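Undergrad: Here it is, the structure in full.
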Amino acid sequence: MKLKIFGKLTDIFNGNEYDLDSENVTSVSELKVKLFEKFPELKESTFLIIVNGVKANDSKIISIPSEIALLPPYSGG
């Protein structure tokens with residue numbers, strides 16, 4: 001499962017893309033568990049998970065293939 005990473009989160013992931021072993025990942029909640037295991041410092045970050053262009057809550061089912069992005073908070077005008 002390929003994740004697109006944006007903003008300050010790229011420092012944690014060392015880049016703007018990350019390939020995650022998608023075994024046992026069927027929901028956003030399971031995705032977070034995997035990410036927090038691999039990157040414990042991510043627990044202290046605020047971010048949104050976007051699945052196929054839509055903000056996803058923890059219960060969102062992730063089908064394969066899906067486009068998944070992690071975005072930090074942003075502001076602007």
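Undergrad: From the set of residues in segment 15-33 that are small (Gly, Ala, Ser) and without any contact (Cβ under 8 Å) to a residue 40 or more places away in the chain, which is surrounded by the fewest Cβ atoms within 10 Å (Cβ to Cβ)? Before the answer, list the steps.
TA: Within segment 15-33, the first condition is being small (Gly, Ala, Ser), and the residues that meet it are 15, 22, 27, 29.
From what is left, the residues that are without any contact (Cβ under 8 Å) to a residue 40 or more places away in the chain are 15, 27, 29.
Numbers: 15: 9, 27: 16, 29: 15.
My answer is 15.
Undergrad: Further question: So in segment 21-34, with the set limited to residues that are among the aliphatic types (A, V, I, L, M) and within 10 Å of the chain's Cα centre (by Cα), which one is nearest to residue 54 (Cα to Cα)? Write out each step before concluding.
TA: Our first condition is that a residue be among the aliphatic types (A, V, I, L, M); within segment 21-34, this holds for 25, 28, 31, 33.
Retained after the next criterion (residues that are within 10 Å of the chain's Cα centre (by Cα)): 28, 31.
On the way: 28: 12, 31: 16 Å.
Within segment 21-34, the match that is nearest to residue 54 (Cα to Cα) is 28.
Undergrad: List pairs: first residue in segment 1-14 and in contact (Cβ under 8 Å) with a residue 60 or more places away in the chain, second residue of a type in the set (S, T, N, Q) and assigned to a loop (DSSP other than H, G, I, E, B) anywhere in the structure, Cβ distance under 8 angstrom, at least six positions apart or on different chains.
TA: Sorted first by the residue in segment 1-14, then by its partner, the pairs are 1/22; 1/66; 4/16; 5/16; 6/16; 8/45; 9/45.
Undergrad: A further question on this structure: Which ones in segment 58-77 are of a type in the set (S, T, N, Q) and free of Cβ contacts under 8 Å to residues at least 12 places away in the same chain?
TA: Within segment 58-77, the subset of a type in the set (S, T, N, Q) is 59, 63, 66, 75.
Result: 63, 75.
Undergrad: Taking the criterion of being surrounded by 15 or more Cβ atoms within 10 Å (Cβ to Cβ), touching a residue at least 24 places away in the same chain (Cβ under 8 Å) and in a strand (DSSP E or B), would at least one residue in segment 34-57 satisfy it?
TA: Scanning segment 34-57 turns up no residue that is surrounded by 15 or more Cβ atoms within 10 Å (Cβ to Cβ), touching a residue at least 24 places away in the same chain (Cβ under 8 Å) and in a strand (DSSP E or B).
Undergrad: Turning to a different aspect of this structure: Restricting attention to segment 62-77, and to residues there that are loosely packed, with under 10 Cβ neighbours inside 10 Å and under 18 Å from residue 6 (Cβ atoms), which single residue is modelled with the highest pLDDT? If you could, list the steps in order and put the result at the bottom.
TA: We begin by selecting, within segment 62-77, every residue loosely packed, with under 10 Cβ neighbours inside 10 Å; these are 63-64, 74-77.
The next check asks that each one be under 18 Å from residue 6 (Cβ atoms); those that pass are 74-76.
Numbers: 74: 78, 75: 61, 76: 61.
Checked segment 62-77; the qualifying residue modelled with the highest pLDDT is 74.
Undergrad: Collect the residues in segment 25-61 that are among the aliphatic types (A, V, I, L, M), modelled with pLDDT of 95 or more and either over 20 Å from residue 8 (Cβ atoms) or touching a helix residue (DSSP H, G or I) at 6+ places or on another chain (Cβ under 6 Å) (or both), keeping them in residue-number order.
TA: From segment 25-61, those among the aliphatic types (A, V, I, L, M) are 25, 28, 31, 33, 35, 42, 48-51, 54, 56, 61; that's our starting set.
Narrowing further to those that are modelled with pLDDT of 95 or more: 28, 31, 33, 35, 42, 48-51, 54, 56, 61.
Within segment 25-61, 28, 33, 35, 42, 49, 51, 54, 56, 61 qualify.
The values are calculated or read from the model by the stated rules, or taken from the named source; none is laboratory data. Only a predicted model underlies this, so the values are computations on that prediction, with no experimental measurement involved. When we count neighbours, we look across all protein chains shown, and the Cβ atoms used for this are built from the backbone with ideal geometry, even at glycine.
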